[in-house]
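Bear in mind that the values in this text are calculations on the coordinates, not laboratory data. All values reported here derive from a predicted model rather than from experimental measurement. So basically every Cβ, Gly included, is an ideal-geometry build from the backbone, and we count neighbours across all protein chains shown.
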Amino acid sequence: MTYRSLVTEGGKLLQAAGVAEAELDAWYLLEYLRKERGSRSDRQWYLLCREEEADIEEEKAYRELIGRRAKRIPLQQITGEQEFMGFSFLVNEHVLIPRQDTETLVEEAMEKTGKGDRVLDMCTGSGCILLSLLKLVPGLSGTGADISQEALKVAVENGKRLQTEASFLESDLFEKVEGVFDLIVSNPPYIASDEIGTLMEEVRDHEPIGALDGSADGLAFYRRLVQEGKDHLKSGGWMLFEIGCTQAEAVMELLKKGGFQEIYVKKDLAGLDRVVGGRKPKQEERKNV
């Protein structure tokens, strides 16, 4: 079969399986396959050579990839990588796939940090938030904490991949965290338990449930982050969270009750509430209250 016929066939199979953007995924899988085989795989090559015939081994391998995607295994878990903030991160079934929504959190964190600051990324997963910050803000140092050993292995590999020094710690939230930080940032589990079943198959069946389930109301981790995190935040430091688009008011109230000031919400590119932040009062400000 020609490469064009393969991609067309793959797109139809994925569409029949209910895969969103089936034709695009069919192309990405061919691109990935050829790249893995050390062959040219860019769009220009495809436009020039799409009527050429693939060899038997290519056909077989491509159909295997299409079969996996048709089972709703995420494309990123098949290819093993995902772009985030302009960097390529390794991903697998042990970490959440980095999403564009989370770039809003990184952009906000960049505004709150500078040279010499220490950052703690709680529930770090793949490490994409922390490592992006360290790459983009000169002079930062940081620690990523997660309860999952398997997730931390991915984060460590991503640090090597990006040639970025960061420390990673296995910890149940702040259980083993020492010291204080200028910024605490987190994209914690925030899906309400009874909503897990409504998620797309790719997410519900193939991404780690522990990184999704935020308890009955989706707020359990925010409560602990605010209460336990205060002691690990410097005077005047910031705490920033990614949130579900309906959770802004509730998370802002948690920060308010925790004594934080300058509490605000930031929308993502789609216009949805995506980040909530608050600042720990400076010592002199607390004295004047």
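Summary table
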| read-out | value |
| --- | --- |
| Counting DSSP beta bridges with both ends in the chain, the antiparallel % (nearest 5) | 45 |
| Karplus-derived HN-Hα couplings along region 195-210 (A = 6.51, B = -1.76, C = 1.60, θ = phi - 60°), whole Hz, x at Gly and Pro | 9, 4, x, 8, 6, 4, 4, 4, 7, 4, 9, 10, 9, x, 4, x |
| Cα-based equivalent ellipsoid of region 180-289: semi-axis lengths in Å, sorted from largest, via gyration tensor | 29, 14, 11 |
| Region 1-48: GluC sites (Glu not before Pro) in DSSP coil with no more than 15 other Cβ atoms inside 10 Å | 21 |
| Long-range HN-HN contacts of residue 263 with modeled amide H, under 5 Å | 279 |
| Long-range amide H partners of residue 237 with built H, under 5 Å | 280 |
| The chain - Rg over Rh from alpha carbon coordinates, Kirkwood radius | 1.04 |
| Computed [θ] at 222 nm, deg cm²/dmol, the chain (DSSP H ≥ 4; -39,500 (n - 2.57); rounded to nearest 500) | -12500 deg cm²/dmol |
| Net length gained if the chain between residue 111 and residue 44 were fully extended (0.36 nm per residue, minus Cα distance) | 20.3 nm |
| Protection proxy ranking of 117-126, 55-64 - average other beta-carbon atoms within 10 Å, highest first | 117-126, 55-64 |
| Max mean-square fluctuation residue, GNM over the chain, Cα-Cα springs under 10 Å, options 14, 212, 199 | 199 |
| Global form of region 121-233, assessed from the alpha-carbon gyration tensor, a/c cut-off 1.5 | oblate |
| Backbone HN-Hα couplings from phi across region 234-244 [Karplus 6.51/-1.76/1.60, Hz, Gly and Pro as x] | 5, 4, x, x, 10, 10, 10, 10, 7, 9, x |
| Backbone N within region 13-39 under 15 Å of label point (7 Å from residue 205 Cα along the Cβ vector) | 14-20 |
| Built amide H within the under 5 Å cut-off of residue 147, gap 5+ | 171, 173 |
| Part-to-part distance (alpha-carbon centres) for region 94-166 and region 199-267, which is given in Å | 17 |
| Förster-model FRET efficiency, 35 Å R0, residue 167 and residue 216, C-beta, rounded to 0.05 | 0.55 |
| Gain in span if fully extended, residue 153 to residue 176, counting 0.36 nm per residue against the direct Cα distance | 6.5 nm |
| Too-long pairs where the Cα-Cα distance tops 25 Å, listed order kept, from 135/266; 135/256; 176/267 | 135/256; 176/267 |
